[in-house]
Structure formats: C-alpha cells, structure tokens
Amino acid sequence: MAFEGLAERLQATFDKMKGRGKVSEADVKEMMREVRLALLEADVNFKVVKKFVNDVKERAVGQEVMKSLTPGQQVIKVVNEELTKLMGGEQSKIAHAQKPPTVVMMVGLQGAGKTTTTAKIANYLRKNNNRKPLMAAADIYRPAAIDQLNTLGKQLDMPVFSLGDQVNPVDIASGAVSQAKEEHQDYVLIDTAGRLHVDEQLMGELQEIKDTVQPDEILLVVDAMTGQDAVNVAESFNEQLGLTGVVLTKLDGDTRGGAALSVKAVTETPIKFAGMGEKVDQLEPFHPERMASRILGMGDVLSLIEKAQTNVDEERAKELEKKIRSADLTFDDFLEQLEQVRSMGPLDELLAMMPGANKKAMKNIQIDESQIGRVEAIVRSMTAHEKQNPSVMNASRKRRIAKGSGTTIQDVNRLLKQFEDMKKMMKQMTSMQKGKKKGKGGFQLPFM
C-alpha cells in the first residue's frame with residue numbers, strides 16, 4: 001500500500017505518545033519534529049509540510065489537548081483531523097450534469113495511465129451509479145492508444161467513440177458528445193493525448209477541446225510514483241485549464257505517497273479517485289478521512305464494508321447464515337465463502353484496513369495465498385457427493401483427491417479435520433444460544 005514508510009514512522013511516533021497522562025509543550029515539539037521528517041521523507045511538498053506542522057502544533061498545545069483526560073490520544077486525534085483536512089476534508093464526488101450527458105475530460109502526461117483510468121471510471125459509473133457511459137478515443141498521437149481504449153471497451157462491453165487517428169481531436173470530442181446526446185448516454189469520458197512533459201502545443205489543444213465541449217469535469221490523471229513531480233505537473237495543468245479534480249494512479253505500488261498529501265494543498269483541487277491496481281475494477285473513490293485513518297493505523301472499516309457489499313451476494317449470505325446456525329455447512333458452501341472473500345482483494349490488503357493493523361504487526365502475519373489455493377484445489381477435486389457428504393471419505397477417495405489436487409493425503413486429512421472441528425464448534429454455539437433462549441444454562445465450556 002502507498003504511504004507504508006510514512007505510516008510506519010508516524011505510528012511509531014504516536015505509540016510513544018498514546019499512553020501518556022500528561023503531554024508537555026516539549027513533548028509535542030519533539031513529536032512534530034518526527035512528523036515533519038516523516039512527511040519530508042515521504043516526498044510531501046516542503047511548504048505543505050511547514051503549514052501542516054504549524055497547524056497541528058498550534059492545536060496540540062492548546063486547551064483542547066492539555067486539559068483533556070488523555071492528552072496523548074487527543075494529539076493523535078488532532079493529527080488525524082489535520083491530515084484529513086490536508087487531503088481535502090470530505091469526499092469529492094464526480095460531477096453529474098442536470099442535463100445529460102455529463103462531459104468529463106481526462107488529461108495528464110503520457111504514461112500516467114489516462115486510457116486505463118478512463119475505462120476504470122466508466123466501469124465505476126456503470127457498476128456503482130447505474131450510469132451509461134460513452135468513452136471517446138481522442139488521443140491520436142500515441143501509437144495504439146485508440147486500440148487500447150477499443151480493447152478495454154470490448155472487455156467491459158461498453159461503447160467507444162472513435163474516428164481514427166487522422167481526425168482532429170477537437171472534432172472527435174465534439175462528435176462523441178453529439179452521439180451521447182442521440183443515444184441517451186449519461187456520461188462522455190474523453191481520453192485526450194498526453195506528452196512526456198507539459199508543452200504549449202498540448203495545452204493549446206486541450207484548451208480548444210475544453211472551449212468546444214464545455215466539460216463538467218476536467219480530471220488530471222497523476223502517477224503517484226512520480227512524487228514531487230506529480231505536484232508540479234498538477235500545478236501546470238491547473239493554471240492552464242482549471243482542473244476540477246485529480247485521479248491518483250499506482251497508489252498500490254511502492255510509493256512514498258507524498259503526491260496525495262501535496263496535490264490537494266498545492267492546487268486546491270480535490271482528489272476524486274485513487275487507482276489501487278491495474279485491473280479495471282481497481283479504482284476507489286478517494287475518502288480523505290479514511291486515507292488519514294489508514295496512514296495512522298486506525299484502519300478503514302467503512303471501505304472494508306463497502307468491498308463486502310459490492311462483492312458478496314446478500315441473499316446467499318443469508319442462506320449461508322441459516323446453514324451455519326443449523327451446522328449444516330457443506331464443502332460447496334465453504335468454497336463459495338472462500339471465493340467471496342478472495343473477490344474482495346488480496347488478504348493482506350483487507351487486513352490492512354482493520355483497525356490497529358500497522359506495518360510492524362503485518363510483518364508477523366504471514367499470509368500465504370498459495371495455502372488458500374491448495375485448499376481450493378482439494379475441495380475442487382472432490383465429487384459433488386463428497387462435497388455434500390464429507391463423511392463418505394475413505395482411504396481410496398482421499399488418495400484420489402490428493403492426486404487430483406497436487407497435494408498430499410496429510411493435507412486432505414488436515415482439511416477434513418478442520419472442517420469437522422468447525423462444524424462441531426458451530427453446533428456447540430447454536431445449542432448454547434438455544435439453551436439461553438429457553439432459560440437453561442446451555443453449553444458450558446469446561447474451564448468456565
């Protein structure tokens with residue numbers, strides 16, 4: 001995840017502060033020196049760091065902290081609030097025009113990920129907002145840019161407007177808006193050309209497209225890996241075009257994360273989305289307060305719940321709950337649960353969203369995704385009858401399953417035992433709940 005180094009430094013600093021009953025001005029000063037160094041190392045803009053540290057210091061030595069019952073925690077609360085404010089305060093949603101289509105211009109330097117991000121936003125709008133987007137291929141200079149957008153359009157089963165690479169980009173953008181009106185599309189996402197650096201020709205063309213189609217949004221796609229350069233690029237584009245929002249890509253990579261903390265403060269332009277991977281569904285709305293919580297090791301439970309709501313079938317979840325209550329779970333149900341958890345993303349990313357999960361703690365948890373793969377392979381090697389009735393397992397069936405899944409008989413036995421133990425535990429819990437309802441003692445653990 002982005003901000004790993006920053007998160008580690010800040011969490012270590014705050015761990016010293018948490019338990020303190022009293023916090024002196026000298027303590028706050030020492031802590032803010034650490035925070036300042038951590039932010040600068042994360043490539044946050046120097047002016048942004050200076051203002052942030054001063055704002056926190058001013059509040060941290062004020063009455064709200066010094067007279068509180070837990071000053072150490074109150075300081076962390078102040079840092080959390082100021083960090084949230086630095087990244088924009090509240091979530092800034094993508095515009096929605098009263099009279100469709102909403103026109104969105106995607107701008108940025110070459111290599112920032114504009115074309116992929118165009119498809120990601122289109123996918124997000126359809127999936128989460130029930131909109132009908134049209135993507136427009138207006139990058140006629142980069143080899144294969146039009147082909148790339150067409151490929152992504154086919155992959156998503158979504159329309160792409162293209163007039164080839166011999167037509168003026170302004171005419172392509174204008175044609176796309178006209179088609180969207182005719183075909184009642186809600187959004188037009190215009191993938192414009194980028195350059196290796198900001199130049200007059202690029203800006204002139206973008207200005208012409210802006211004047212012609214009058215976009216509701218001009219979103220700058222910024223590669224978070226470029227650090228301080230990302231802020232300079234954002235500043236240039238904002239001065240020339242008047243940006244309405246920023247999309248940060250590659251926030252999942254080994255990045256210092258300073259761009260995210262600087263872009264909003266320097267340009268006064270909100271970050272609207274964050275790209276968290278290369279796949280078309282790996283785009284998240286940017287929530288400043290949630291990102292601040294993640295950086296400070298406070299977790300991000302709301303994003304975790306949203307991931308679950310998006311990827312988990314509610315009706316199936318209710319059915320499964322009934323089966324769990326009656327301890328009537330089969331290996332088919334078990335496999336389905338595994339698939340639903342995996343569809344939410346890598347397990348280490350999900351764990352990182354849990355409150356209290358910091359880098360140091362995560363190092364002690366070895367998440368072996370291949371182990372889950374082995375469990376899946378064992379279950380998939382079972383017949384339908386075996387999945388529904390694990391009790392029929394005998395030595396020859398176990399040998400066949402081990403061979404089919406590329407595992408050992410010991411692996412198969414271990415999984416069967418774990419599954420049976422889990423069912424026993426469910427039965428015990430269910431009988432305990434029933435006993436309580438009837439006013440009896442119910443199941444008692446031996447040591448209670």
Residue within segment 250-265 that is in contact with a Phe, Trp or Tyr (Cβ under 7 Å, 6 or more places away or on another chain), at pLDDT 75 or above and surrounded by 19 or more Cβ atoms within 10 Å (Cβ to Cβ) present: no
So Leu219, is it crowded, with 21+ Cβ neighbours inside 10 Å and touching a residue at least 60 places away in the same chain (Cβ under 8 Å): yes
Val167, sole failed condition from (1) β-branched (Val, Ile, Thr); (2) touching a helix residue (DSSP H, G or I) at 6+ places or on another chain (Cβ under 7 Å); (3) not in a helix (DSSP H, G or I): (2)
Counted residues, segment 149-204 - those being open to solvent by 10 Å² or more (accessible area, probe 1.4 Å) and over 24 Å from Ala234 (Cα atoms): 30
Residue, nearest to Lys114 (Cα to Cα), within segment 172-197, restricted to residues that are in contact with a strand residue (DSSP E or B) (Cβ under 9 Å, 6 or more places away or on another chain) and among the acidic types (Asp, Glu): Asp191
Where Gln91 falls short, out of the listed (1) open to solvent by 30 Å² or more (accessible area, probe 1.4 Å); (2) in contact with a strand residue (DSSP E or B) (Cβ under 7 Å, 6 or more places away or on another chain); (3) assigned to a loop (DSSP other than H, G, I, E, B); (4) free of Cβ contacts under 8 Å to residues at least 60 places away in the same chain: (4)
Only listed residue being open to solvent by 60 Å² or more (accessible area, probe 1.4 Å), under 30 Å from Ala292 (Cα atoms) and within 24 Å of the chain's Cα centre (by Cα), chosen from Lys85, Lys132, Lys114: Lys85
Pairs, first without any contact (Cβ under 8 Å) to a residue 40 or more places away in the chain in segment 173-200, second assigned to a helix (DSSP H, G or I) and open to solvent by 10 Å² or more (accessible area, probe 1.4 Å), C-beta under 6 Å, six or more apart: Ser174/Thr212
Members of segment 372-414 that are within 14 Å of Thr330 (Cα to Cα), in a loop (DSSP other than H, G, I, E, B) and among the β-branched types (Val, Ile, Thr): Thr383
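Residue check: is Gly406 at pLDDT below 60, at positive phi and not β-branched (Val, Ile, Thr)? Give the derivation first.
Numbers: at pLDDT below 60: no; at positive phi: yes; not β-branched (Val, Ile, Thr): yes.
No: the conditions fail for Gly406.
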Odd one out for Lys434 among (1) surrounded by 14 or more Cβ atoms within 10 Å (Cβ to Cβ); (2) at pLDDT below 60; (3) of a type in the set (D, E, K, R): (1)
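The values are calculated or read from the model by the stated rules, or taken from the named source; none is laboratory data. Everything numeric in this text was worked out from a predicted model, so none of it was measured. Because the Cβ atoms are built from the backbone with ideal geometry, glycine has one as well, and the counts that use them run over all protein chains shown. Remember, those area values only see protein heavy atoms, side chains included, never the ligands or the DNA or RNA. Shrake-Rupley method; radii C 1.70, N 1.55, O 1.52, S 1.80 Å.
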